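Here the structure is laid out as structure tokens; the discussion comes afterwards.
The values are calculated or read from the model by the stated rules, or taken from the named source; none is laboratory data. What you see is a predicted model, and the numbers here were worked out from it, not measured in a lab. Counting neighbours? That spans all protein chains shown, and the Cβs are built from the backbone with ideal geometry, glycine included.
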Amino acid sequence: MTPKKHLTELRGAAPEKRPTVRVLAAAMAHNDCAFARLALASRTDLDKLCEGTYFAVEFGQDPQAFQRGHMFETFVKDKDYAMLIKLLREHAGFSITDVRIRNLHSGAPPNERGLRQRATETRQLLKKIVMRAKDAPNIVDGAVLTCTIAGQTAYFEADGLAAATDGRIHVGEVKSFPFTDGRCDNDKLGATCEQAAWYVLLVRRTLADMGLPPDAVSDDGFIILPMGVGLTPTLLVKNLASRVRRAEELFASTPSGAALPASVQNLRFPAMDADETTRLDTLESMMDDVGTSYRPDCLQDCGMSRLCRARAQEVGSAALCGSAVVRWLPGVRTLDRTVALAAGAPPAPSEIHAAHALARAKGLFDRVLTRGQL
Amino acid sequence: MSFQAMLAALAHVEGRAQPTALYRHRGLSSDPLCVVAWQLGAEPYSVGAIAIGRRDAGFALFVPGYPLDRDLHFAALLDFAKAFCPAFEGYMRGPCESVLHRGEELVVPMELPQIVVANAGTIHLLGRLGRRLAYLSTTGANAADTLLPRLGRHLMWIAEHAQVPGQQLILSATELLARHYAAALSALEAQSLAAMDAWIDPPNGAHGFHAAEQAERQAVGPAPAPEEAQRVHALMKTFNERRAGRKDPKIVRNLANDLRMLYDDMTVATWRLIWKVIDRERAKTEAASVQRRAREDRIAYARHIQWMLGPAEGRRKTRLTPRTAALRLAELEQANRLLTAEEAIDDPLRMAPHVLAGKALAGEVIGRDDVRRELIGGRNCRRPSVTLRTQEPCLVPAHTELWWTTNAAGREWLIDRVVTSGDGSVVTLVLQTNRFDAEDLPVIGSRACFSQFNTRPGYELILPTEAPWTHRSASPSTETDLDYGDMGGNAA
């Protein structure tokens, strides 16, 4: 069976997730989780599989938040990207005289075929830009980029934009959180830069594939944010070099096996119409076969996180308490074992280091609670 | 630290959160104000609803209906200001004392002005709301009621003061719990007030994890739970359709009834949870140094009110100059240093992790030499010493400066000798002065704790009056009105 066919089979009747660079960035933050990687490769939407069960994760983006994002993006792109061009001229020193825009959203069907079509066109456009062709676009919207995951070509839609001048390509992200008094929410800015960095990485890999110099993509990304209460946009130039390097390392650490390992040959994600118990049982047995890696930050972006957390709780994994606690328990397997060691159980050789500190900690804790002093 | 890891593991096994403090390290005034605010989607500078009140009197809820309409939003905020400003400024009208602060007499309220909120997110939202209102023009075509900028300046200052470590002027219930309990959850999950509360007091003997799993679906603001957000969205849509652009307060009030009822339900749930948490924590004994920090808060409040009454009418810079930024940073660092020191000194359970980390030692006083002398620079000086026996091996290296926790503002002690004895150590410390009273030394047979923490005043930051060229900013900033200035032109 070809890997591609296999992946489609693996997904079975489970819901499909539209691959975007945002999804890739989120998934790559969890690329130590084999289960999440399998879902990424087969484009299975994990966020939906637990819906209606006890473990459902309610991401449900607030409709108002969505509306705001949409409104701002429309505003920036309105009238043939007039606002964007103005920003590029004023803040990024672009001397766009002859504006050529290519919006790849238009004209392509919203399915697999459309994605492939857009990916091909994206490659052509990139080539034109780098070769400084006369009819090369300065602004590309809706690019589709490819990369190989689990031996399978995956297509990723860029939410952002690309702006080009003199053969240099800059990536851009439009976000609706405000920039006021020279400040903005640093967490959100970080996440945005992260996405932009993945975009840069994918474009560079595409260029390298075509034998073109990858450094045609600038390290400087453009982040477009509204100022204050209204929608008046501003543009920040952010150097993404270190984030791109990090993304590269993460990407390199993904196993690139040509085919999926034998262990997953007979697996299949459950269908949404299966009843609650069957769905959860199938998911759990898949998790047992493939392996997961729960971390508390999974709760922010993975639909399986509550299920994984409950499983971690059952075995008493230290991962429940976050990475700091895990670091303080070298060689100790579970939280229950931690308490046993703290109470004075004889440590195994690998636990000796942690055991001493734990026993002392427990001794002090008990003394303070019973006597009220150290 | 392994102390935290041990507590988390203990919480997991026992199914309950474990205390990380014997005392309450934040003050609670007798009848604080409480504010609950609900954000609308990702709108940073608006509220879908905002409520204010006190524990027994209950809350008053203000719902603009459609906050993206500036007139409706400001009308609701004006009503909120009419409740907030008199209550917040009212502390000045209570009993006051006169305090000498930086060379000037300052009238300071005796009671700690205090606002209780659910979490840090609410404080940030209030700060942003303050930023929007603080610079509104009260003259000209788009004149705002003078109460709105006044509310804005209060809120902006409060959100800024919230950055001071250990302040209790605005108290986040979530942070209060996170600092006093350890549970088997991550820092991210501990941001849920309901989950933390469930871990501390799981209902019907359930395991804290399972109780928290269910409780964490309750949102306490500023972001509503996803399902509630959907309902808000739907109701707001109907409201706008039926309103058809009308802004008459009576019509708006009538039409917004359903929306108000939804927000009222959400606020009631949050309100109950906040007061459940506050009431439980109030029962704990307050730590000794809370009064000192509360005094700092009262002084900060009095200075803010003075600034509000002055010619600037409470206007503040939104961007710090390099000089004020350095001063502010130093102030925050000092406050943080003092807070860590005071909490550890006040509370043996807070000191315990420092003992494990080798920053402190505790034990029984087994010897004391008041007349001990040593040669210092050729002179035979009096330097008293005490000897302690500790139960754990002493991890503090010899010749470290330490302070006795009972006299943490006094002179330092130097570790002279550490001798291993059984499981623990025998440690000799020497007081670094010959001027002392008998009570400056611990009594034989008592238990004493010495740590690296002291409460002596920190260094004084002396800066040049003019910023050096490395720190000069390109252009001085001006405060802009977010609504009618350059940045509000396209507001919805």
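Check B:GLU111, B:GLU105, B:GLU89, B:GLU97 and return the single one that is part of a loop (DSSP other than H, G, I, E, B) and within 17 Å of B:ALA300 (Cβ to Cβ). None of the other options fit; the residue is B:GLU111. Listed by position, the helices (runs of 4 or more DSSP H) contained in region A:269-374 that have at least 1 residues being facing chain B (nearest Cβ under 10 Å), loosely packed, with under 15 Cβ neighbours inside 10 Å and of a type in the set (Lys, Arg) are A:323-327, A:352-371. Figure legend. Inter-residue proximity from region B:143-163: first residues free of Cβ contacts under 8 Å to residues at least 12 places away in the same chain, second residues surrounded by fewer than 20 Cβ atoms within 10 Å (Cβ to Cβ), beta-carbon distance below 8 Å, spacing 6+ or different chains. Indicated pairs: B:ALA143/B:SER137; B:THR146/B:THR138. All of (1) assigned to a helix (DSSP H, G or I); (2) more than 14 Å from chain A (Cβ to nearest Cβ) hold for B:ILE52 with one exception: (1). Across region B:14-38, the qualifying residues are those that are farther than 24 Å from B:VAL290 by Cα and of a type outside the set (Val, Ile, Thr), and the one among them that is nearest to the other protein chains (Cβ to nearest Cβ) is B:GLU14. Among the residues of region B:188-211, none qualifies, meaning not one is free of Cβ contacts under 8 Å to residues at least 12 places away in the same chain and either closer than 18 Å to B:ASP69 by Cβ or crowded, with 19+ Cβ neighbours inside 10 Å (or both). Go through region B:389-416 and report how many residues are outside any loop (DSSP other than H, G, I, E, B) and among the polar types (S, T, N, Q). Of the residues in region B:389-416, 4 are outside any loop (DSSP other than H, G, I, E, B) and among the polar types (S, T, N, Q). The residue pairs whose first member lies in region A:208-223 and is touching a residue at least 12 places away in the same chain (Cβ under 8 Å) and at positive phi, whose second member is buried (at least 16 other Cβ atoms within 10 Å of the Cβ) and among the hydrophobic types (A, V, I, L, M, F, W, C), and whose beta carbons are closer than 8 Å, counting only pairs six or more residues apart or on different chains, do not exist in this structure.
Restricting region B:433-453 to residues that are more than 16 Å from B:ARG368 (Cβ to Cβ) and polar (S, T, N, Q), the residue that is surrounded by the fewest Cβ atoms within 10 Å (Cβ to Cβ) is B:GLN452. Taking the conditions (1) closer than 26 Å to B:ARG179 by Cβ; (2) surrounded by 15 or more Cβ atoms within 10 Å (Cβ to Cβ); (3) within 14 Å of another protein chain (Cβ to nearest Cβ) in turn, B:GLN391 satisfies each one other than (1).
The one condition from (1) touching a residue at least 40 places away in the same chain (Cβ under 8 Å); (2) within 30 Å of A:THR278 (Cβ to Cβ); (3) of a type outside the set (Asp, Glu) that A:ASN111 does not meet is (1).
Counting only strands (runs of 3 or more DSSP E) that sit completely within region A:150-246, those holding 1 or more residues that are farther than 21 Å from A:SER95 by Cβ correspond to A:152-157, A:168-174, A:220-226, A:233-239.
Looking at B:ARG316, B:ARG323, B:ARG368, B:ARG382, just one residue is within 13 Å of chain A (Cβ to nearest Cβ), touching a residue at least 40 places away in the same chain (Cβ under 8 Å) and surrounded by fewer than 21 Cβ atoms within 10 Å (Cβ to Cβ), and that residue is B:ARG316. Kindly indicate whether any position in region A:135-158 is surrounded by fewer than 17 Cβ atoms within 10 Å (Cβ to Cβ) and either touching a Phe, Trp or Tyr at 6+ places or on another chain (Cβ under 6 Å) or not hydroxyl-bearing (Ser, Thr, Tyr) (or both). Checked against the condition, which is being surrounded by fewer than 17 Cβ atoms within 10 Å (Cβ to Cβ) and either touching a Phe, Trp or Tyr at 6+ places or on another chain (Cβ under 6 Å) or not hydroxyl-bearing (Ser, Thr, Tyr) (or both), region A:135-158 yields at least one hit. Within region A:62-77, being in contact with a strand residue (DSSP E or B) (Cβ under 8 Å, 6 or more places away or on another chain) and more than 10 Å from chain B (Cβ to nearest Cβ) holds for A:GLU73, A:VAL76, A:LYS77. Applying the criterion of at least 2 residues that are in the same structural domain as B:HIS73 (by TED's automatic domain parsing) and farther than 24 Å from B:LEU72 by Cβ to the helices (runs of 4 or more DSSP H) found wholly in region B:212-298 leaves B:226-243, B:257-282.
Per the listing A:PHE55, A:PHE35, A:PHE75, the residue uniquely in contact with a Pro (Cβ under 8 Å, 6 or more places away or on another chain) and either surrounded by 15 or more Cβ atoms within 10 Å (Cβ to Cβ) or farther than 29 Å from A:GLY230 by Cβ (or both) is A:PHE75.
In the set B:VAL430, B:VAL386, B:VAL419, B:VAL443, only one residue is part of a strand (DSSP E or B) and out of contact with any Asp or Glu (no Cβ under 9 Å at 6 or more places or on another chain); that residue is B:VAL419.
Going through (1) surrounded by 23 or more Cβ atoms within 10 Å (Cβ to Cβ); (2) in contact with a Pro (Cβ under 8 Å, 6 or more places away or on another chain); (3) within 13 Å of chain A (Cβ to nearest Cβ) one by one, B:ALA11 falls short only on (2).
Just one residue in the set B:LEU177, B:LEU169 is touching a strand residue (DSSP E or B) at 6+ places or on another chain (Cβ under 9 Å) and within 21 Å of B:LEU125 (Cα to Cα); that residue is B:LEU169. Candidates B:ALA159, B:ALA194, B:ALA190: the one that is assigned to a helix (DSSP H, G or I), modelled with pLDDT under 95 and either under 10 Å from the mean Cα position of the chain (by Cα) or within 30 Å of A:ASP301 (Cβ to Cβ) (or both) is B:ALA190. Of B:ARG328, B:ARG337, B:ARG350, all but one fail to be more than 14 Å from chain A (Cβ to nearest Cβ), part of a helix (DSSP H, G or I) and modelled with pLDDT of 95 or more; the exception is B:ARG337.
Would you check if there is a residue in region A:191-200 being surrounded by fewer than 21 Cβ atoms within 10 Å (Cβ to Cβ), over 30 Å from B:HIS73 (Cβ atoms) and aromatic (Phe, Trp, Tyr)? The answer is no, given that none of the residues of region A:191-200 is surrounded by fewer than 21 Cβ atoms within 10 Å (Cβ to Cβ), over 30 Å from B:HIS73 (Cβ atoms) and aromatic (Phe, Trp, Tyr). Against the condition of a type outside the set (Val, Ile, Thr) and surrounded by fewer than 21 Cβ atoms within 10 Å (Cβ to Cβ), how does B:ALA352 come out, does it pass? No, not satisfied. Restricting attention to region A:30-53, the residues that are within 14 Å of another protein chain (Cβ to nearest Cβ) and either without any contact (Cβ under 8 Å) to a residue 24 or more places away in the chain or under 27 Å from A:LEU189 (Cβ atoms) (or both) total 1. For region A:294-315, a tally of residues being hydrophobic (A, V, I, L, M, F, W, C) and without any contact (Cβ under 8 Å) to a residue 24 or more places away in the chain returns 3.
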